[in-house]
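Here is the structure we will look at, set down as structure tokens.
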Amino acid sequence: MAGAGPRPVKETTLCAPRATMKLSRPPLGLLTLVLLGVLAVGGAYLRLAKTGPRGSAAAPGAGGAAAPGAGSETPPAVREQFPTDVAQPVVGAEVIRDTLWVTVTAAGQAASVQGAPLHAEVGGRIRRILVRENSAVGSGDLLVEMDTTEYALALARARAELLRAQAAFQEMTLFDHEIPDPQVREERSRLARARSGLAQAEVVLRQAELDLERTTVRAPFAGRVANLRVVEGQRVGAGAELLTVVALDPIRVEAKVLEGELGALAEGRRGRVRFAALAGETFAGRVVSINPVVDADRTARVTLEVANPQGRIKPGMWAQVTLEARGYPDRILVPRGAILEKDRRTMLFVYEEGRAKWRYVTTGLENDRFVEIVEHPETDGVRPGEIVLVENHHYLVHDAPVRLVERAPTGVRGREPGEGGGP
């Protein structure tokens, strides 16, 4: 526009931006990880400083080194799950020095020592049965009675015939006593016996008496009744089977042993028998015979005799038999249940003044019940007479307080505790 003056200039003030410092997310995450790592390393250092390195006090050594775990503190996790201030109930067994028997196992079957099926010796009707199956009987006990009417009549006839024959004989020899020659008298007597029928009458009488006796059936030996096959009132013929009597104490167990193991066995050695029908029980036996004949299945029969006073073992029961084979005398033995494994090393717990002390051991020979402990420079071993823990000890820690609630028997080779040695 004409006449207008110059346009005024607007002043602008420039301000410096605010100094604000921001860190990006990646550096922040890295810093956090570093801090956490430092804290973890510091915690581990403090724990090691307090408890010492793992296993530093547990390594045994020669010259009476400290037992495993001695002087270390039980980890808190273990204390929470298994309180160590309460005495744990345990079962112990004594370490013994005895003969270790390496054994042979085989399947077997029970059989009676004596068994006799009883048959009717005369025919007739069964009048009375005085026993039942599994009845215990003694030698000579009356078992079965048959009707005696027929045999009593036969006996009466035989006696009458004998009287008639005796009368005829006396008549024929009435004056023979006057004959001076004894040979003549003897010859006349012989002829008179034959002509009068006296000799035959005596035989018939004896047969009638025997038939009457045979109407009763008695036990030939002590045992139990089995396989009763008749009932009262039944008529049977001569030779019919009536029942069986079996002797059950002692009882025999016949085991089938592989031919390759027969050479290690001998008569008189002991064995242990477990029956499927009597689970959890073990019976002691003794080898009474080894059959010298090997069967087609490459086994031979080995027979044991087992006490059976209560008759609980029945003929025909299947059994698992453990037989003594070879003996290794003068060995330090502990029950198999005492042996544990820790960090791939064999160890066990010894009971000492209310505490469970673990020891590393070196094992040798073993059978199904015992393990030999042998001396070794890098392990501690055990001594006869010490008590090792055999039950409720799998989760114990070293030096844990324990309470011995039972002493398990440590009989060797199937013997009862205190029984003498020798095969």
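Quick notes on this structure:
- Counted residues, the range 304-341 - those being surrounded by fewer than 16 Cβ atoms within 10 Å (Cβ to Cβ), among the hydrophobic types (A, V, I, L, M, F, W, C) and over 17 Å from the mean Cα position of the chain (by Cα): 0
- The number of residues in the range 227-247 being crowded, with 17+ Cβ neighbours inside 10 Å, within 13 Å of Ala116 (Cβ to Cβ) and not hydroxyl-bearing (Ser, Thr, Tyr) comes to 5.
- Of the strands (runs of 3 or more DSSP E) lying entirely inside the range 327-415, those carrying at least 1 residues that are without any contact (Cβ under 8 Å) to a residue 60 or more places away in the chain and over 30 Å from Leu304 (Cα atoms) are 340-342, 345-352, 355-360, 362-366, 370-374.
- Here the range 84-104 is the region considered, the condition is being surrounded by fewer than 15 Cβ atoms within 10 Å (Cβ to Cβ) and within 29 Å of Val273 (Cβ to Cβ), and the residue that is nearest to the chain's Cα centre (by Cα) is Val102.
- Residue within the range 147-162 that is under 21 Å from Ser189 (Cα atoms), buried (at least 17 other Cβ atoms within 10 Å of the Cβ) and more than 46 Å from the chain's Cα centre (by Cα) present: yes
- Across the range 342-387, the qualifying residues are those that are closer than 26 Å to Val104 by Cα and among the aliphatic types (A, V, I, L, M), and the one among them that is surrounded by the most Cβ atoms within 10 Å (Cβ to Cβ) is Ile373.
- Only one of Arg214, Arg229 that is over 19 Å from Gly138 (Cα atoms) and either touching an Asp or Glu at 6+ places or on another chain (Cβ under 6 Å) or at pLDDT 95 or above (or both): Arg229
- Asn291 fulfils the conditions (1) over 22 Å from Thr379 (Cα atoms); (2) without any contact (Cβ under 8 Å) to a residue 40 or more places away in the chain; (3) exposed (fewer than 14 other Cβ atoms within 10 Å of the Cβ) except for a single criterion, (3).
- Val390 vs. criteria buried (at least 16 other Cβ atoms within 10 Å of the Cβ) and either in contact with a helix residue (DSSP H, G or I) (Cβ under 7 Å, 6 or more places away or on another chain) or modelled with pLDDT under 90 (or both): yes
- Hits in the range 266-319 - residues which are among the small types (Gly, Ala, Ser) and within 21 Å of Val102 (Cα to Cα): Ala266, Gly268, Gly271, Ala284, Gly285, Ser289, Ala300, Ala319
The values are calculated or read from the model by the stated rules, or taken from the named source; none is laboratory data. Not measured: the values here are computed from a predicted model. FYI the Cβ positions are ideal-geometry reconstructions off the backbone, even for glycines, and counts take in every protein chain you see.
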